[in-house]
Every structure is written in C-alpha cells, then in structure tokens.
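Asks: I'd like to ask some things about the structure below.
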Amino acid sequence: MVLTVDGLRMRYGDREVLHDVTFDARPGEVLALLGPNGAGKSTTIEILEGFRLRSAGRVEVLGVDPAAGDERWRSRVGIVLQSWRDHGNWRVGELLHHLGSYYTPYKPAWPAGELLDAVGLTPSAGQKIKTLSGGQRRRLDVAIGIVGRPDVLFLDEPTTGFDPEARSEFHELVRGLAAEQGTTILLTTHDLDEASKLAHRILVLAAGRIIAAGSTAQLTELIAGEDEVRWSVDGQAFRRSTADSTGFVRELFATYGDAVRELEVRRASLEDTYLTLVREQA
Amino acid sequence: MKTGWQRGLIELRQSFTNGPELFSHFLWPVLMLAALFFLRHRDFGSTGFLLGALALPGILGMNAAMGMVSMSQQLTADREDGTLLRAKAVPNGMVSYLIGKVVSVAGGLLVDLAILLIPGLLLVDGLALGSAHWFTLVWVLVLGLVATLPIGAVLGSVFTTARSQGLIQLPMLALIAVSGIFYPITALPGWLEGIGQLTPVYWMGLGMRSALLPGEAVVVEVGQSWRHLETAAVLGLWAVAGLLLAPVVLRRMARRESGSKVAERRERALRRVA
C-alpha cells in the first residue's frame with residue numbers, strides 16, 4: 001500500500017474535525033477525496049503531507065509516518081497546495097529547474113523544458129511568475145509538484161479557477177501520470193464530475209467522516225437512489241420511481257404492449273445521490 | 001548546500017534587476033553620501049577631526065547592522081506568500097532556503113556597502129587605509145554579519161505578518177540612535193551609553209571606525225580605546241546566541257506552516273486591502 005490511513009482523528013481544541021477516517025491506496029491508483037467545503041479534506045491531505053500533526057490514528061505514506069518523514073521520504077512525495085503565490089520574482093523555467101535540482105541527489109529530476117512542454121507553459125518559460133494568469137500559475141504548481149518524479153502526489157483542489165479547456169487538459173495530464181509513471185495520486189475536490197472522471201476510487205467525506213467509498217459505478221449502486229420511469233398510455237402520463245427499472249419496464253410492456261408510449265428511463269445520477277448523502281450528514 | 005548557493009545567487013541577481021529593489025539599494029547610500037558631502041569640511045568639536053570622516057565608518061556599520069532588518073522582513077514576506085512552505089515541500093528545502101537567504105542578504109549588503117564606501121572614500125578626507133585597516137574592516141564585517149543575521153531570522157519568525165513586521169522598525173531606529181553611529185556614544189547620558197554598548201550596532205560602528213580612521217581618532221571613544229577584544233567578544237556572544245536560538249525558533253515556525261495557514265493569512269491580507 002502506498003497510503004494507509006487507519007482510525008485517523010483530528011481535534012482542534014474541543015472541536016473534532018476528523019472522526020475515524022480509514023482508507024488506503026495501491027500503487028498507481030488515483031483516489032479522490034470528495035466532499036463539501038469544511039468536510040475535512042484539506043486537513044486530511046495536510047496530515048498526509050506531513051504538514052499537520054494528527055490527534056490520533058495510524059497514518060503511513062510510502063510506509064513512513066509523515067510526521068517523522070526524512071528528506072529521502074520527502075523526495076518521493078509531490079505536493080500541490082490550494083493557493084501558492086510564492087517566488088513571484090523568479091522566472092518560470094528558472095524556478096522549475098532550480099527546484100528540480102533538489103531531487104538530483106535521489107533520482108534524476110524531470111528536465112524543466114520537457115516538463116514545461118507537458119503542462120503547456122513553454123511560451124511562458126522566461127516570464128516572471130507573478131505575471132502568470134491564475135490557470136498558468138496552477139499549471140506551474142502542478143509542474144513543480146511532479147518535477148521530482150514523485151511516487152505519490154497530493155493535489156488539493158487542483159482545478160479551482162480553471163476554464164473547461166484547461167480542466168480537461170489537466171485531467172489528461174493526471175491520468176497520464178498515473179498510467180505511465182505509476183504515480184499514486186490523492187486529490188481533493190468538491191466537484192463530483194471531476195472526481196468521477198479522474199479517480200479509480202472516490203471517498204466521500206462529509207463532516208469529518210467517510211460516508212461512502214468506491215468507484216463511480218459502485219458508489220452509484222451503493223448509495224443508489226431509485227431510477228425514474230415515465231411513460232404514457234392512451235394519452236395519460238405516468239411516473240414511477242423504482243430500484244429495478246429494467247424489470248419494471250418489462251412488466252409494463254407485458255401488461256400494455258404497444259399502448260406504451262413516450263417511455264423514458266432516467267438512471268439515478270451520482271450527482272443526486274451525492275447531494276442527498278451530503279445533506280443527510282449536515 | 002549547492003542548491004542553497006544557487007538560490008542565494010539567483011535571488012541576489014533578482015534584487016539588482018528589478019526596479020523597486022534596485023531603487024532601495026541605492027536610496028540610502030545616496031542619501032547618506034549627500035549628508036556626508038555637506039559634513040565633509042565640518043570639524044568635530046575641538047578634536048580637530050573632520051565630522052565626515054567620523055561619520056562614514058558609523059554609517060557603514062549601521063548599514064551592515066540593517067542586514068538584520070532585511071533578513072527578518074524577507075523571512076516574514078516569504079512566510080506570508082508561501083515561499084517557506086514550498087521550501088518545506090521539497091527535500092532539504094529548508095536548509096537550502098536558509099543558506100540562500102544568508103547568501104542573498106549578505107551579498108546584497110556587501111554591494112550596498114561598496115556603493116557607499118567607494119564614493120565615500122573619494123568624498124571624505126582624513127581616512128586611514130593601510131592593509132591592517134582593511135583586515136580589521138573584513139573581520140568586523142564578517143563577525144558582524146554572523147552576529148546580526150541569525151537574530152534577524154529569529155525576529156522574522158516571531159512576527160507573522162508584514163504588518164506586524166513594521167513594528168520592529170521603531171525599536172531598530174531607537175537602537176541606531178543610541179548606538180553612537182552618528183555621534184560618539186560618549187556624548188550620550190551614561191545610562192544610554194550603557195544600553196548602546198549592549199547592541200551589536202554599536203560595536204560594528206566602533207569596529208568600522210577603528211578600521212577606517214587614523215589611530216589618533218581613538219580619543220573620542222569610550223576609554224580612548226578601539227577595544228578590539230571587547231568588539232570580538234560582544235559580537236561573538238551575539239553570534240553564538242543567534243546561532244543557537246535561530247535553528248530552534250525557525251524549526252518551530254516551519255513546523256507550524258501548512259497550506260491552510262498560508263491561505264488564511266492571504267485571506268486576511270486581502271480583507272485589509274478591501
């Protein structure tokens with residue numbers, strides 16, 4: 001396992017923000033921590049990054065407790081935080097090259113030029129970082145996060161402020177990392193669509209608890225709301241919610257035959273069930 | 001180690017290639033040189049020494065001591081914008097960050113001193129410049145930097161925002177006022193003279209005077225001596241204290257940095273602007 005989290009708890013004063021969070025991740029797996037704001041996503045990821053001390057529970061990243069991770073461990077972990085605005089006076093290529101050199105005692109870093117190409121920043125290589133647009137800045141952050149070819153990558157709300165095109169390019173990049181480099185990726189997002197596009201497995205976090213976990217299909221099944229079937233017979237419209245829409249429709253034809261018109265089956269969307277779930281917790 | 005050096009050199013180059021910083025590099029030296037220009041023929045009391053000659057080494061000493069302030073300011077700024085957190089996120093980043101900071105601040109300071117010293121030497125009469133003098137200049141400068149930069153780093157980690165950082169400017173100015181930089185400390189009331197002599201600023205000024213003034217000028221100093229031994233001792237004490245304290249304080253501060261802390265400070269800063 002690349003990530004092991006078992007019974008993780010976090011308390012600030014007498015306010016408990018994480019209750020008994022448990023999950024793990026295999027090599028090359030993309031995991032999405034999905035949840036509304038304030039659910040504890042950032043706290044969880046900061047504990048895994050070694051930036052925050054937990055109150056209780058067992059946490060291992062690459063077999064090491066992040067609170068005790070040394071520099072070698074650090075060199076295997078890539079981090080992209082929510083909001084960076086550091087190194088404003090540095091030039092894009094210069095910073096990427098410089099930060100890459102920190103990893104060379106451990107492994108060959110990704111050449112800055114190649115990496116800039118991969119994130120589409122080559123035209124801005126000579127620009128000062130503070131002059132980048134929000135989306136460009138974010139892509140640079142991702143580039144810095146992966147310059148040391150990490151075994152595990154943490155992405156905290158990576159696509160906030162992206163336009164749809166930048167978002168889909170970014171998704172492409174993340175999928176490529178996991179598939180080609182074997183990087184294990186944990187990302188947080190409050191966007192269900194993003195989670196289901198990117199992740200092999202989604203962990204739904206609400207009010208400090210994981211309330212559901214699984215692939216998009218599993219989640220849909222697990223927390224499935226009922227499908228909605230609409231039809232009409234003799235000009236009269238009907239509507240029915242059912243867990244077994246296929247069986248119901250077969251039944252329908254058996255009974256009414258050709259009289260069934262305007263048939264429409266709407267599968268329960270994950271979006272609906274996710275919102276219901278989160279609302280139940282709040 | 002190597003990354004730290006590279007970092008320092010890149011930052012140093014940046015500080016001389018952007019407008020506002022370049023301006024601040026030249027502003028003080030030019031103002032000081034202007035003051036020296038008008039003082040250059042004025043005598044100091046009845047001693048027969050030129051005031052300009054007495055003031056130049058003091059100004060150099062003060063400039064060097066100001067490295068403490070810029071160190072602490074840069075540290076606070078880097079903490080606010082997440083540069084420090086970035087250092088924490090890469091292997092050996094904190095060590096490289098600190099080495100880089102020392103290299104860039106010390107390097108910037110040396111350039112500032114040269115900007116001041118070279119025209120100053122042409123402008124002011126009555127300075128003494130033998131090889132022994134240069135030797136004194138160098139050791140006072142080096143020891144002075146080792147004494148003040150770690151203290152600056154400690155101050156920088158204590159203050160969390162650029163705004164609270166402004167607060168340390170006032171005591172610094174007070175310190176400079178009582179440190180005998182502009183006027184011999186012997187002219188101050190006894191208790192102020194005592195306080196002044198606790199600061200590294202005073203000793204750096206004294207060391208600079210001993211390096212650049214002819215031997216006879218010693219009569220205006222405390223005890224009519226350059227007190228090289230005491231200079232080394234006091235600066236050395238500050239250096240030891242700073243070097244012991246700085247890693248502890250810095251580590252403590254760095255441990256507390258996280259993404260949400262940086263985001264939080266950013267929010268607060270934005271609210272202030274709005």
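The values are calculated or read from the model by the stated rules, or taken from the named source; none is laboratory data. Being a predicted model, the structure only gives us computed values, none of them experimental. Cβ atoms come from the backbone with ideal geometry, glycine included; neighbour counts cover every protein chain shown. What goes into the accessible areas is simple: the full protein's heavy atoms, side chains included, and nothing from ligands, DNA or RNA. Shrake-Rupley method; radii C 1.70, N 1.55, O 1.52, S 1.80 Å.
Asks: May I ask you to list the residues in the range A:179-200 that are farther than 17 Å from A:Arg138 by Cβ, of a type in the set (A, V, I, L, M) and either assigned to a strand (DSSP E or B) or open to solvent by 10 Å² or more (accessible area, probe 1.4 Å) (or both)?
Replies: Residues of the range A:179-200 farther than 17 Å from A:Arg138 by Cβ: A:179-184, A:186, A:192-193, A:195-197, A:199-200.
Right, trim to of a type in the set (A, V, I, L, M) and you get A:179, A:186, A:192, A:195, A:199.
If the condition is that a residue be farther than 17 Å from A:Arg138 by Cβ, of a type in the set (A, V, I, L, M) and either assigned to a strand (DSSP E or B) or open to solvent by 10 Å² or more (accessible area, probe 1.4 Å) (or both), then A:Ala179, A:Leu186, A:Leu192, A:Ala199 are the ones that fit.
Asks: Exactly one condition in (1) open to solvent by less than 30 Å² (accessible area, probe 1.4 Å); (2) hydrophobic (A, V, I, L, M, F, W, C); (3) outside any helix (DSSP H, G or I) is false for B:Trp226; which is it?
Replies: (1)
Asks: What number of residues within the range A:231-278 satisfy the criterion of being over 25 Å from A:Ser215 (Cα atoms) and assigned to a strand (DSSP E or B)?
Replies: Count: 13.
Asks: Right, another one. Looking at B:Glu21, is it within 10 Å of chain A (Cβ to nearest Cβ) and touching a residue at least 60 places away in the same chain (Cβ under 8 Å)?
Replies: Details: within 10 Å of chain A (Cβ to nearest Cβ): yes; touching a residue at least 60 places away in the same chain (Cβ under 8 Å): no.
No: the conditions fail for B:Glu21.
Asks: Assess whether B:Leu212 counts as being in contact with a His (Cβ under 7 Å, 6 or more places away or on another chain) and farther than 30 Å from B:Val95 by Cα.
Replies: Values: in contact with a His (Cβ under 7 Å, 6 or more places away or on another chain): yes; farther than 30 Å from B:Val95 by Cα: yes.
It is true that B:Leu212 is in contact with a His (Cβ under 7 Å, 6 or more places away or on another chain) and farther than 30 Å from B:Val95 by Cα.
Asks: Given (1) open to solvent by 20 Å² or more (accessible area, probe 1.4 Å); (2) out of contact with any Pro (no Cβ under 7 Å at 6 or more places or on another chain); (3) touching a residue at least 60 places away in the same chain (Cβ under 8 Å); (4) more than 11 Å from A:Leu31 (Cα to Cα), where does A:Pro164 come up short, assuming only one miss?
Replies: Of (1) open to solvent by 20 Å² or more (accessible area, probe 1.4 Å); (2) out of contact with any Pro (no Cβ under 7 Å at 6 or more places or on another chain); (3) touching a residue at least 60 places away in the same chain (Cβ under 8 Å); (4) more than 11 Å from A:Leu31 (Cα to Cα), only one is false for A:Pro164: (3).
Asks: Still on this structure: Among residues belonging to the range A:52-76 that are in contact with a Phe, Trp or Tyr (Cβ under 7 Å, 6 or more places away or on another chain) and within 9 Å of another protein chain (Cβ to nearest Cβ), point out the one that is least open to solvent (accessible area, probe 1.4 Å).
Replies: To start, the set of residues in the range A:52-76 that are in contact with a Phe, Trp or Tyr (Cβ under 7 Å, 6 or more places away or on another chain) comprises A:62, A:64, A:72, A:75.
With the extra rule that they be within 9 Å of another protein chain (Cβ to nearest Cβ), the set shrinks to A:72, A:75.
Numbers: A:Arg72: 140, A:Ser75: 3 Å².
Top of the filtered list is A:Ser75.
Asks: In the set B:Gly207, B:Gly166, which member is touching a helix residue (DSSP H, G or I) at 6+ places or on another chain (Cβ under 8 Å) and either in a helix (DSSP H, G or I) or charged (D, E, K, R) (or both)? Let's see the steps before the verdict.
Replies: Numbers: B:Gly166 fails: touching a helix residue (DSSP H, G or I) at 6+ places or on another chain (Cβ under 8 Å).
None of the others qualify; the one that does is B:Gly207.
Asks: Between a first residue in the range A:84-105 that is closer than 18 Å to A:Thr131 by Cβ and in a loop (DSSP other than H, G, I, E, B) and a second residue that is charged (D, E, K, R) and open to solvent by 20 Å² or more (accessible area, probe 1.4 Å), which pairs have beta carbons less than 6 Å apart while being 6 or more apart in sequence or on different chains?
Replies: A:Arg85/B:Asp81; A:Asp86/B:Asp81; A:Gly88/A:Lys130
Results for (1) of a type in the set (A, V, I, L, M, F, W, C); (2) surrounded by 17 or more Cβ atoms within 10 Å (Cβ to Cβ), shown as yes or no for each residue.
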position: A:Gly208; (1), (2): no, yes
position: A:Ala212; (1), (2): yes, yes
position: A:Leu219; (1), (2): yes, yes
position: A:Asp227; (1), (2): no, yes
position: A:Ala243; (1), (2): yes, no
position: A:Tyr256; (1), (2): no, no
position: A:Val265; (1), (2): yes, no
position: A:Glu271; (1), (2): no, no
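Asks: Being at the interface with chain B (Cβ under 7 Å from one of its Cβ atoms) and open to solvent by 30 Å² or more (accessible area, probe 1.4 Å) is the filter here, so list the residues in the range A:102-130 that pass it. Give the derivation first.
Replies: Step one: of the range A:102-130, the residues at the interface with chain B (Cβ under 7 Å from one of its Cβ atoms) are A:102-103, A:106.
Within the range A:102-130, just A:Tyr106 meets the criteria.
Asks: Find the residue count for the range A:18-33, including only residues that are small (Gly, Ala, Ser) and either in a strand (DSSP E or B) or buried (at least 24 other Cβ atoms within 10 Å of the Cβ) (or both).
Replies: Pass one, the range A:18-33, residues small (Gly, Ala, Ser): A:25, A:28, A:32.
Checking the rest, the ones that are also either in a strand (DSSP E or B) or buried (at least 24 other Cβ atoms within 10 Å of the Cβ) (or both) come to A:25, A:32.
Residues in the range A:18-33 being small (Gly, Ala, Ser) and either in a strand (DSSP E or B) or buried (at least 24 other Cβ atoms within 10 Å of the Cβ) (or both): 2 in total.
Asks: So, one more: Restricting the search to the range A:71-109, which residues are aliphatic (A, V, I, L, M) and within 20 Å of A:Pro158 (Cβ to Cβ)?
Replies: We begin by selecting, within the range A:71-109, every residue aliphatic (A, V, I, L, M); these are A:77, A:79-81, A:92, A:95-96, A:99, A:109.
A:Val77, A:Ile79, A:Val80, A:Leu81, A:Val92, A:Leu95, A:Leu96, A:Leu99 - these are the residues of the range A:71-109 that are aliphatic (A, V, I, L, M) and within 20 Å of A:Pro158 (Cβ to Cβ).
Asks: Another question about this same structure. Name the residues in the range A:34-51 that are more than 14 Å from every other protein chain (Cβ to nearest Cβ) and crowded, with 19+ Cβ neighbours inside 10 Å, would you? I'd like the intermediate steps shown before the answer.
Replies: Of the range A:34-51, the ones more than 14 Å from every other protein chain (Cβ to nearest Cβ) are A:34-36.
Across the range A:34-51, the qualifying residues are A:Leu34, A:Gly35.
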